[in-house]
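What follows is a short report on a single structure.
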Amino acid sequence: MLKQKAILFDATLCVGCGECYLACKQANDLPETNTDFLKDHLGANTYTVVEQYEDVYTRKLCMHCVDPTCVSVCPVGAFTKTELGPVTYDEDKCLGCRYCMQACPHHIPRYEWSKVNPRVRKCIMCYDKIKNGEQTACAEACPAEATIFGNRDEIIEIAKQRLAENPDSYYQHIYGLEEAGGTNVLALSPVPFDKLGFATNLPKEPLPTYTAKALEKIPGVVAGGGVFLAAMYWLTKRKNKIAEEEKQSNFTKE
Amino acid sequence: MVALFVVLTFLFFIILDLLVLKAQGKEHPAFAVKVFNKKFFFPKESLISTSHIWLQKVQNGMLKLGIDEFILKALGKLNLIPMKNEGEFVNKGEPFLKAVFGNRTVLFRSPIEGKINFVNKNLTNKVVNDCYGDDWAIMIEPKSNNLNDFKKSSEAIKWLHDEFNRFKDFIAAKSNEPELAGVTLQDGGNIVEGVLRSFDDNTIKEFEEQFLL
Amino acid sequence: MKLIIPKITFWRVVAVLIVIAGLYSTYLRLFGGLSASTNLSDDFPWGLWIGFDILVGVGLAAGGFSICAIVHIFNIEKYKPLARPAILTAFLGYLLVIFGLIYDLGKPYNIWHAIIYWNPRSVMFEVAWCVMLYTTVLFLEFIPVVLEKYRYYKILNFMKKIGIPIMIVGIILSTLHQSSLGSLFLIIPQKMSQIWYSPLLPVYFFISAIGAGLSMVIFEAYLSARAFNKGIEAELLSRVGLISVIVLMIGFVIKVIDLIVSGNFTLLLTINNYSLLYYLEVLIGIFIPFGLLIQKTFRENRRWLYASAVMVIAGFLLNRLNVSISSISPETGVSYFPSVNEVSVTLMLIVIGLWSFKLIAKNFPVFTEEMHQEEYEAKLKENTATN
Ligand code: SF4
Ligand code: SF4
Ligand code: SF4
């Protein structure tokens, strides 16, 4: 088994320089969308942004969930959770139903609304680069070690270490350990995560289990329904027939 | 907001449709209570003419005239307005009676020639209901006593049935688009009483020509 | 050939205007993409076309399978006169849903991908398959009407034999489909208002679709009466109305128990946009119609029956749009309101549906009862005798 990769973003170290933003644009051939990166939003041509909340900077990018909602909801399987961890997208399969956008708990996928042949767009964790053993462009570009890249288990260890070593500068929580089943992008912060616009109302279990519970019932409905309906048909038909015959015999008696 | 918008749009169209019907003086066919069925009643002592006017002998050789049940069912709620005054003379085939239903009218022609002795005063502003009884139209003193042209009892009922079938085909042809005229009614005879009031003036005219002459 | 100029009536003018607007919007959608034609955004990826054209369209087509089950599975033959119109409505409804999907999908030409790329974990995948299969079943259920007109009694005879299994398949597919539209929203528990979110959403969608679908049968009977100047099966329809509101009431009771058990009923105690919308939904869609139709006098009054059916449908509209749009709180505070184009395309689809129904009902024996197998056989003998 290949080791799962992960990104750790540490808001306490982020200086808000925007190097990751620029590196991502370059690595993925994305056109410029805003001259001031702090004012930009995630979009069809922006996979990651740096946002400022008072004196804390934070990043937004696809969290590369361990059991990704987007992968589970796509009717044609256009999203794939790769063995290495990144969640990738195949535009040739996609129908454009946008269920992935509706369902993603982190509000990540973006759409090319103005195109006639639109694609879903989001960070793909520089899949082509990391396949070759490289780092993601954003981690490579980060001058402050606020974004680092590595194996997920090691990354988690580093995160734990940082929380333990400097308990005062951190809000004691590793975002992404168990949010909706966990993510391959983990985050640390000096303040509670909802203050940085992270989704904090997520359940622990992966969201796909919610629909799985409903989907599991399908075979039962099909089998049970089939038997029930066939039985009802047979019974009512028989009842009608008996009633009919009774009528007939009454008739002849008279 | 979106939800409210959609619901209000839906209700808007429903209400608009009812208003349109109202403006056209029609009733929603589904609100009409009775289905126009084939069951006809015709009084034994009466005679029926082919213009849907019944005649009945009364005292002094006079004849009482009125409209039949078929008309009542085809037109729905209607008022009758006699077009002649007492003492006037009417020719055979001359319009002598007007029925107003909704904002439309049809004319009835006299099946017989004679002098009008009485006009039913009670008809004024009254919705016709008892067409063979209280709601007769006029009494006439006929010029001749020959009543052989008219049908009675079972023959009259049979004729009404034929008229009903003819009427159904007529409605079927008219309620469809012109290009589809000629197909038979698809719903197994489910026309309602007063069905005519939802048609246009031309159709009413044709009805008059085909059924009331 | 005679040149035929259709008469100008109020509704024809309206319909033509709607279609013109709809075609213009279609042009925008085709050549300008979704942003030129809709108000959808990254914050609101699903709008009117999903909420109304798909969720409501499919839901209201539920009358088809409900009546079908009553007549053919429970063998309550007296409802037979309602079966064919209901099946036609459902069939056209589903075709329109597919039509609507083509507008809404970003890459509609990939719609067939659901056949070759499978993802059974996806509710949307289930929805796609149900739409495909059930539309086929509806086609098979409706085709006898066409065959009867052209007197293909041999095929009809055969279809009769496989009829019941087809109906059963159809009912199961509908059950799955109606409920799976509710399951679509199971995956966003944290985004939806808990007034509407519940693990039982699929059950509610199923129950309310039956209830509203039956009211739709009533509504559609009134529309047909209007279009063809004919009467309605008042007595049958008033029973259908009663069943409709009882089904809805059952759904409501389950919902109340659910709200109490989950503790979410407290959300209804504070007055805000959500709770008001919910109150409106159950008041119009369930309580008033239930209160009316449970009484014989109102049920048998044609106007009240119509009014109740209209209310049930209005409540159903509210429910589906509440679940799909109103209950979902946008991340960024941006709200969504459909664009003129989204509205005009939706209206155009409805016009097309009504026109198709009218055209088909005029040319095929939709309002007659289906023949029995014996009748087909008799006809067959007749034919061979004369030939
Ligand atoms: S954050 Fe959203 S888009 Fe990214 S993997 Fe998770 S569910 Fe998919
Ligand atoms: S929009 Fe494309 S990628 Fe997203 S769920 Fe639909 S088909 Fe899948
Ligand atoms: S991992 Fe790659 S694609 Fe994702 S934000 Fe970083 S640079 Fe961009």
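The values are calculated or read from the model by the stated rules, or taken from the named source; none is laboratory data. Predicted model only: the values in this text are computed from it and were never measured. When we count neighbours, we look across all protein chains shown, and the Cβ atoms used for this are built from the backbone with ideal geometry, even at glycine. The protein model used for the area step is the full one, side chains on, heavy atoms only, and it has no ligands, DNA or RNA in it. Shrake-Rupley method; radii C 1.70, N 1.55, O 1.52, S 1.80 Å.
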* Asked: Which one of A:Val71, C:Asn301, C:Ile98 is farthest out on the positive end of the charge dipole of the protein assembly as shown, using unit charges on Cβ (Lys, Arg +1; Asp, Glu -1) and the Cα centre as origin?
  -> C:Asn301
* Asked: Where the centre of each part is set by its Cα atoms, how far does segment B:108-146 sit from segment B:16-81, in angstrom?
  -> 14 Å
* Of the accessible area of segment B:47-146, with the probe set at 1.4 angstrom, what percent is carbon plus sulfur? -> 46 percent
* Calculate what fraction, in whole %, of the accessible area of segment A:5-207 sits on carbon and sulfur atoms when a 1.4 Å probe is rolled over the protein chains. => 47 percent
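How much accessible area is lost when chains B and C come together, counting both sides, with a 1.4 Å probe, in Å² rounded to the nearest 100? Write down the numbers at each step before the final one.
Numbers: alone 12090 and 19800 Å², together 28070 Å².
Protein heavy atoms only, the B-C interface buries about 3800 Å².
Contact order normalised by length for chain A, with contacts defined as Cα pairs under 8 Å and 6 or more residues apart; what percent is it?
Values: 401 pairs, mean separation 61.4, N = 254.
Relative contact order for chain A comes out at 24 percent.
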* **Cross-link pairs A:Lys3/A:Lys195; B:Lys22/B:Lys174; C:Lys7/C:Lys160; C:Lys161/C:Lys255 - those with Cα-Cα distance over 30 Å** => A:Lys3/A:Lys195; C:Lys7/C:Lys160; C:Lys161/C:Lys255
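Could you please report the charge total around B:Pro43, scoring K, R as +1 and D, E as -1 over all other residues with beta-carbon less than 14 angstrom from its beta-carbon?
With Lys, Arg at +1 and Asp, Glu at -1, the net is -2.
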* What's the Cα-based Rg to Rh of chain C, Rh via Kirkwood? -> 0.98
* To do: Consider just the alpha-carbon atoms of segment B:47-146 and return their Rg together with their Dmax, both in angstrom.
  => 12.4, 38
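Can you tell me, using C-alpha contacts under 8 Å and at least 6 residues apart, the relative contact order of segment C:33-176 as a whole percent? Each step should come with its number before you reach the end.
On the way: 117 pairs, mean separation 36.9, N = 144.
Once divided by the residue count of segment C:33-176, the mean separation gives 26 percent.
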* Structure fact -> Per-residue average of other protein chain Cβ atoms inside 10 Å, peptide A:193-206 -> 1
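Return the average number of partner chain Cβ atoms within 10 angstrom of each residue Cβ along peptide C:335-348.
Details: counts 2, 2, 3, 4, 0, 0, 0, 1, 3, 0, 0, 2, 2, 0.
Mean partner-chain Cβ count within 10 Å for C:335-348: 1.
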* Expressed in whole Å with the largest first, what are the equivalent ellipsoid semi-axes of segment A:158-203 derived from the C-alpha gyration tensor as the square root of 5 times each eigenvalue? -> 18, 13, 7
* Asked: What ranking do B:18-28, C:93-103 get when scored by the average of other Cβ atoms within 10 Å per residue, highest first?
  -> C:93-103, B:18-28
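Compute the semi-axes of the equivalent ellipsoid of segment C:1-110, taking the square root of 5 times each eigenvalue of the Cα gyration tensor, and list them largest first in whole Å. Write out the running numbers ahead of the final one.
Values: eigenvalues 207, 118, 25 Å².
The three semi-axes for segment C:1-110 are 32, 24, 11 Å.
Could you tell me how many cubic angstrom of Cα convex hull volume segment C:27-74 has per residue? Could the numbers behind the result be given before it?
Working: hull volume 4.2 nm³, N = 48.
So the per-residue hull volume is 87 Å³.
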* To do: Compute the convex hull volume of the Cα atoms of segment A:33-185, divide it by the residue count, and report the result per residue in Å³ as a whole number.
  => 134 Å³
* To do: Over the alpha-carbon set of segment C:144-268, work out the extent along each principal axis and list the three values in angstrom, largest first.
  => 61, 32, 21
* Asked: For the protein assembly as shown, with the dipole built from +1 on Lys and Arg beta-carbon atoms and -1 on Asp and Glu ones, taken about the Cα centre, which of C:Tyr204, C:Phe142, A:Tyr210 lies farthest toward the positive end?
  -> C:Phe142
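Averaged across C:70-82, how many Cβ atoms of other chains sit within 10 Å of each residue's Cβ atom? Don't skip to the end; give the middle numbers.
Numbers: counts 0, 0, 4, 10, 6, 10, 2, 2, 0, 0, 0, 3, 0.
If you average over the peptide's residues, the count of other-chain Cβ atoms is 3.
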* **chain B: angle of helix B:201-211 to the longest principal axis, Cα-based, in degrees nearest 10** => 40 degrees
* State, in square angstrom and to the nearest 100, the accessible area buried between chains A and C, both chains counted, probe radius 1.4 Å. => 4800 Å²
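What is segment C:125-251's relative contact order, in percent, from Cα pairs under 8 angstrom and six or more apart in sequence?
Computed over segment C:125-251, the figure is 22 percent.
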* Could you let me know the centre-to-centre spacing of segment A:178-222 and segment C:275-344, using Cα atoms, in angstrom? => 32 Å
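Roughly how large, in nm² to one decimal, is the mean projection of the convex hull of the alpha-carbon atoms in chain B?
Numbers: hull surface 56.7 nm².
So the mean shadow area of the Cα hull is 14.2 nm².
How large is the direction-averaged shadow of the alpha-carbon convex hull of the protein assembly as shown, in nm²? Show your work: numbers first, answer last.
Details: hull surface 188.5 nm².
Dividing the Cα hull surface by four gives the mean projection, 47.1 nm².
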* Taking the Cα atoms of segment C:213-254, report the difference between the largest and smallest coordinate on each principal axis, in whole Å and largest first. => 41, 16, 8
* Structure fact -> Rounded to the nearest whole number, the per residue volume of the convex hull around the C-alpha atoms of segment C:207-317 in Å³ is 93 Å³
* To do: Anything over 23 Å Cα to Cα? Flag those among B:Lys126/C:Lys230; C:Lys149/C:Lys362; B:Lys39/C:Lys358; B:Lys38/B:Lys115, in the order listed.
  => B:Lys126/C:Lys230; B:Lys39/C:Lys358; B:Lys38/B:Lys115
